[in-house]
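Trainee: I'd like to ask you about the structure that follows.
The values are calculated or read from the model by the stated rules, or taken from the named source; none is laboratory data. Keep in mind that what you see is a predicted model, and the values were worked out from it rather than measured. Heads up, the Cβs are rebuilt from the backbone with ideal geometry, glycines too, and the neighbour counts pull from every protein chain shown.
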Amino acid sequence: MNGISRRDVIAGAAAGGAALLGAGPAQASEALSTLAARAGLLFGGAIDNVARLDPGMTRLFAQQAGILVTENALKFDYLRPDAERFEFGGADAIAAFAKANGQQLRGHTLIWNDNAPDWLKRRPGREVERIFDAHIDRVVERYAGRLHSWDVVNEPFWPMHGKPGGYRDGPWLSAMGPSYIARAFRRVAAIDKTARLTLNEAFCETNHEWGQGIRPRLRDLVAKLQDDGAPLHAVGFQAHLLPHWPYDDSAFAAYAESFAARGLDIYITELDVNDEAYPANVAERDRRVAKRYGDFLRAVLAIAAVRIVMTWQLSDRASWLRDIYRRAGKPAEKLPRPLPFDDALKPKAAVEAIAAAFAARRVTP
Ligand code: 9MR
């Protein structure tokens, strides 16, 4: 992509977006949240406080999203810089933003073995258990009755850690073993009577060995939680799609449907498309990304139990993938374009593909 400047990229995508939606920029067209509602779905995206303080981004979220999710603000390490403090400012600001815009809000994520702060890692097991219970009580009480759903536990499995059962390693697993999962769900349910309690997992969408390793383990865990009477309402599939890995969307949809058959809702919680393997040409890259969104959504939206589709942020400008590739030294013009809206917040081909998948949904949820 030598010779293509950032301005060219933005101008090209903006022109493409306007043509795709026919009626001009996204602002003038029907919002994805409106199109989703007609398909019996909530559509939205992850937001952090950087995006919340960016006026263009806040307009985009207000226009397009019926539901938001805290990208980082409710994570343990963000809330708990040290053992004594709870820093609720970031999460409170996002909750207030959602309320002001009439949007629902998902809490992400209460318990995750990843990204534990050092102060927690140094505590003995008994103390970690006490911190776990007290953290859940304090955080869940604060937002009780205000959240659409909680990702109570995020990414329970990471077979690459080599732990028995394929569980993700970290302070909660070390202190309590896998029992921390049911314990978290029970504790949240005792406090928040309205949030849908969700188990959120990564990589189940792919046939890559990571997905193949996690899928049966998640299925068995959910069965056990339900057999034990743990309060679980939904399974979240993140869907950070990596098109250079193997996929069989119908096989994934059949897998997801097996949770629906157990009475659970299905949420697509963190959708984006890593365009690393696609051609450098921006228009072609955006076309391939759009096709991937469309193919994936058409397959999963055939499941009536799918209630939510959320992308991880809305605009390429704030994608987590940008940070990763920037740190890896990728030149600006090769940074990923994984989201429905471009750097200039204009709709890309993916918006049309998502809209078409919503319009084509033929289920009665
Ligand atoms: O997008 C998030 C990034 O800003 C954070 O640095 C990172 C670690 O907290 O988490 C990213 O979000 C992840 C999410 O919480 C769980 N699924 C994978 C997401 C992308 O890494």
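Trainee: Quick check on the stretch 223-243. Is at least one of its residues in a helix (DSSP H, G or I), among the basic types (K, R) and at pLDDT 95 or above?
Mentor: For the stretch 223-243, residues in a helix (DSSP H, G or I), among the basic types (K, R) and at pLDDT 95 or above: present.
Trainee: I'd like to check something: does the stretch 10-22 contain any residue that is at pLDDT 50 or above and of a type outside the set (K, R)?
Mentor: no
Trainee: For residues in the stretch 43-78 being away from the ligand (no atom under 15 Å from the Cβ) and among the aromatic types (F, W, Y), which is nearest to P347 (Cα to Cα)?
Mentor: Across the stretch 43-78, the extreme among qualifying residues is F61.
Trainee: Filter the stretch 91-114 for residues that are surrounded by fewer than 13 Cβ atoms within 10 Å (Cβ to Cβ) and not in a helix (DSSP H, G or I) and give the result.
Mentor: The one that is surrounded by fewer than 13 Cβ atoms within 10 Å (Cβ to Cβ) and not in a helix (DSSP H, G or I): G102.
Trainee: Output the residue which, of all residues in the stretch 169-179 that are of a type outside the set (G, A, S) and outside any helix (DSSP H, G or I), is surrounded by the most Cβ atoms within 10 Å (Cβ to Cβ).
Mentor: Restricting to residues being of a type outside the set (G, A, S) and outside any helix (DSSP H, G or I), the top hit is P178.
Trainee: Would you check if A234 is crowded, with 19+ Cβ neighbours inside 10 Å, of a type in the set (A, V, I, L, M, F, W, C) and touching a residue at least 60 places away in the same chain (Cβ under 8 Å)?
Mentor: Considered against the rule, which asks whether it is crowded, with 19+ Cβ neighbours inside 10 Å, of a type in the set (A, V, I, L, M, F, W, C) and touching a residue at least 60 places away in the same chain (Cβ under 8 Å), A234 comes out as yes.
Trainee: Taking V69 and the conditions (1) in a loop (DSSP other than H, G, I, E, B); (2) among the hydrophobic types (A, V, I, L, M, F, W, C); (3) at pLDDT 95 or above, which numbered condition does it fall short on, given that it satisfies the others?
Mentor: It is condition (1) that V69 fails.
Here is a yes/no grid of residues against (1) in contact with a strand residue (DSSP E or B) (Cβ under 6 Å, 6 or more places away or on another chain); (2) basic (K, R):
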site: L42; (1), (2): yes, no
site: G56; (1), (2): no, no
site: Q63; (1), (2): no, no
site: E71; (1), (2): yes, no
site: K75; (1), (2): no, yes
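Trainee: Please specify each residue of the stretch 289-338 satisfying the condition of being surrounded by 17 or more Cβ atoms within 10 Å (Cβ to Cβ) and within 12 Å of the ligand (Cβ to nearest atom).
Mentor: Matches in the stretch 289-338: M310, T311, W312, Q313, A318, S319, W320, L321, R322, P338.
Trainee: Kindly provide the set of residues from the stretch 148-168 that are part of a loop (DSSP other than H, G, I, E, B) and within 16 Å of the ligand (Cβ to nearest atom), ordered by number.
Mentor: Scanning the stretch 148-168 gives E155, P156, W158, R168.
Trainee: I'm trying to understand the selection: among the residues of the stretch 89-137, which are among the polar types (S, T, N, Q), within 16 Å of the ligand (Cβ to nearest atom) and free of Cβ contacts under 8 Å to residues at least 60 places away in the same chain?
Mentor: Selection gives N115 alone.
Trainee: Name the single residue, out of those in the stretch 189-204 being under 14 Å from A234 (Cα atoms) and either among the basic types (K, R) or not in a loop (DSSP other than H, G, I, E, B) (or both), that is farthest from the ligand (Cβ to nearest atom).
Mentor: Within the stretch 189-204, the match that is farthest from the ligand (Cβ to nearest atom) is A189.
Trainee: Follow-up question, since we're still on this one. Name the residue that is nearest to the chain's Cα centre (by Cα), counting only residues in the stretch 129-147 that are surrounded by fewer than 16 Cβ atoms within 10 Å (Cβ to Cβ) and part of a loop (DSSP other than H, G, I, E, B).
Mentor: Among those that are surrounded by fewer than 16 Cβ atoms within 10 Å (Cβ to Cβ) and part of a loop (DSSP other than H, G, I, E, B), it is R146.
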